[in-house]
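J.: One structure, as structure tokens, below. Some questions next.
The values are calculated or read from the model by the stated rules, or taken from the named source; none is laboratory data. The shown structure was predicted, so the numbers you read here are calculated from the model rather than taken from an experiment. With ideal geometry, Cβ positions are generated from the backbone for all residues, glycine too; neighbour counts draw on all protein chains shown.
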């Protein structure tokens, strides 16, 4: 839902990337750069460019394989792709086209020709049907126009941004055909739940948006989650459904257990705060969606901050907070521990069990601390067995025998459980003050 055209460059030559970025930025484009095929695929899935410039010869994953994966992913299959190649042999170019590229440029390239081909591809892409071809729902262009219309006319509305969790793992396990079925299922649930007067759009891939006129959205979010969770089991093989997770690998090549598909919902409302543009409202929606994704299972986050300016101020952007993984099945204790960790400056990832912890680590493996609440220890230590170093792990135990076993297994410290959460928090505070720099 960005108003500026974004181009993703993938090339392992830093000088070429710098020159291309400068050229495209001067032409008015927003530019992202990837240095290998694996990074290209990840960035395209997560940051949704409008067009890609892809070198064929790259480390980790070459351009051919990257294009093939992007074309097999419903989130990126529609994107225009131009090959950048020093290999002008017809066989190489033909292979690129057969893999899924739309055009090619031979290096060294002519700037005017490159810009002309980029603009031509973008123009053709903008003339495609305004409805999403997979679901038939209004696409990103119509959704953006509807939001602009309501903002310009001062019509109050809530934007409900819906995204699938664990979709990549599901696609990797079952293939893009069943991935399309998952997207169709979510679309059908949204059609069934959304009031007739609401505007339902398909942003692309597994992202949907609902424009709801009413300020009261909580019951709508709850109904959506209940309906999706009741039907999602039909997408799985029986063995995977019984086990409750899929086995796969994250983007770092680490073996992981991925939970079943769930939905993360972000709600931004003009009834609560003032927005000047589509860009403003979409940035807040993306921020809230990321918060919702930190909550295990299907969840929703509603922005009720009554402020008129954008919350992501310049002094907040760019700051890096240490990450803490909290594995805790006790809701009361989890809330208390999360609050304590946040007061110490940690960004907290919450997991109710080991499977949920695997899912969170697949998205962000850089942990500075882990606190685990009486989980089975072999499963806990398996989280870190493929890392060169593990973060300090505080294990909550019930007796001295368990404490000794945890320390022998590698725990940095043990915390003794108490029904009185204040006793647990006191022990955690002591250990936080003693953590290594």
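J.: Checking the structure you have, find out if any residue of the range 82-103 is outside any loop (DSSP other than H, G, I, E, B), modelled with pLDDT of 85 or more, assigned by TED's automatic domain parsing to the domain that holds residue 14 and in contact with a helix residue (DSSP H, G or I) (Cβ under 6 Å, 6 or more places away or on another chain).
T.: Yes: one or more hits.
J.: With respect to residue 183, determine if the residue is over 22 Å from residue 30 (Cα atoms) and either in contact (Cβ under 8 Å) with a residue 60 or more places away in the chain or in contact with a strand residue (DSSP E or B) (Cβ under 8 Å, 6 or more places away or on another chain) (or both).
T.: Yes.
J.: Also: I need the full set of residues from the range 18-41 which are out of contact with any helix residue (DSSP H, G or I) (no Cβ under 7 Å at 6 or more places or on another chain) and within 25 Å of residue 124 (Cα to Cα), in order please.
T.: 20, 21, 22, 24, 25, 26, 28, 29, 30
J.: Do we have residue 372 as under 24 Å from the mean Cα position of the chain (by Cα) and modelled with pLDDT of 90 or more here?
T.: no
J.: What number goes with the only condition from (1) surrounded by fewer than 20 Cβ atoms within 10 Å (Cβ to Cβ); (2) assigned by TED's automatic domain parsing to the domain that holds residue 197 that residue 162 does not pass?
T.: Result: residue 162 passes all but (1).
J.: Using the structure shown, decide if residue 279 is assigned to a helix (DSSP H, G or I), surrounded by fewer than 22 Cβ atoms within 10 Å (Cβ to Cβ) and within 18 Å of the chain's Cα centre (by Cα).
T.: Spelling it out, it is not the case that residue 279 is assigned to a helix (DSSP H, G or I), surrounded by fewer than 22 Cβ atoms within 10 Å (Cβ to Cβ) and within 18 Å of the chain's Cα centre (by Cα).
J.: Which condition from (1) assigned to a loop (DSSP other than H, G, I, E, B); (2) buried (at least 18 other Cβ atoms within 10 Å of the Cβ); (3) more than 17 Å from the chain's Cα centre (by Cα) is the one that residue 53 breaks?
T.: Status for residue 53: all satisfied but (1).
J.: Would you be able to say whether some residue in the range 15-22 is surrounded by 18 or more Cβ atoms within 10 Å (Cβ to Cβ), closer than 25 Å to residue 165 by Cα, in contact with a strand residue (DSSP E or B) (Cβ under 7 Å, 6 or more places away or on another chain) and modelled with pLDDT of 90 or more?
T.: Taking every residue of the range 15-22 in turn, none turns out to be surrounded by 18 or more Cβ atoms within 10 Å (Cβ to Cβ), closer than 25 Å to residue 165 by Cα, in contact with a strand residue (DSSP E or B) (Cβ under 7 Å, 6 or more places away or on another chain) and modelled with pLDDT of 90 or more.
J.: Condition (residue is touching a strand residue (DSSP E or B) at 6+ places or on another chain (Cβ under 7 Å) and surrounded by fewer than 20 Cβ atoms within 10 Å (Cβ to Cβ)) applied to the range 118-129: is it met by at least one residue?
T.: yes
J.: Do you know which residues across the range 30-50 are under 15 Å from residue 83 (Cα atoms) and assigned to a helix (DSSP H, G or I)?
T.: The answer is 37, 40, 41.
J.: Let me ask you something else. If you check 356, 329, which single one turns out to be at pLDDT 85 or above, surrounded by 15 or more Cβ atoms within 10 Å (Cβ to Cβ), outside the structural domain of residue 255 (by TED's automatic domain parsing) and under 25 Å from the mean Cα position of the chain (by Cα)?
T.: Testing whether each residue is at pLDDT 85 or above, surrounded by 15 or more Cβ atoms within 10 Å (Cβ to Cβ), outside the structural domain of residue 255 (by TED's automatic domain parsing) and under 25 Å from the mean Cα position of the chain (by Cα) leaves just 356.
J.: Among the candidates 171, 132, single out the residue that is outside the structural domain of residue 230 (by TED's automatic domain parsing) and either under 22 Å from the mean Cα position of the chain (by Cα) or under 22 Å from residue 50 (Cβ atoms) (or both).
T.: 132
J.: So which residues in the range 249-260 are part of a strand (DSSP E or B) and surrounded by fewer than 18 Cβ atoms within 10 Å (Cβ to Cβ), if there are any at all?
T.: 249, 255
J.: Check 205, 201 and return the single one that is in the same structural domain as residue 260 (by TED's automatic domain parsing) and closer than 14 Å to residue 144 by Cα.
T.: So the residue among 205, 201 that is in the same structural domain as residue 260 (by TED's automatic domain parsing) and closer than 14 Å to residue 144 by Cα is 201.
J.: With respect to the numbered conditions (1) assigned to a helix (DSSP H, G or I); (2) under 30 Å from residue 60 (Cβ atoms); (3) free of Cβ contacts under 8 Å to residues at least 24 places away in the same chain, which one is the sole condition not fulfilled by residue 240?
T.: The single condition residue 240 does not satisfy is (3).
J.: Something else about it: Considering only the range 230-237, I want to know if a residue exists there that is farther than 30 Å from residue 271 by Cα, in contact with a strand residue (DSSP E or B) (Cβ under 6 Å, 6 or more places away or on another chain) and in a loop (DSSP other than H, G, I, E, B).
T.: no
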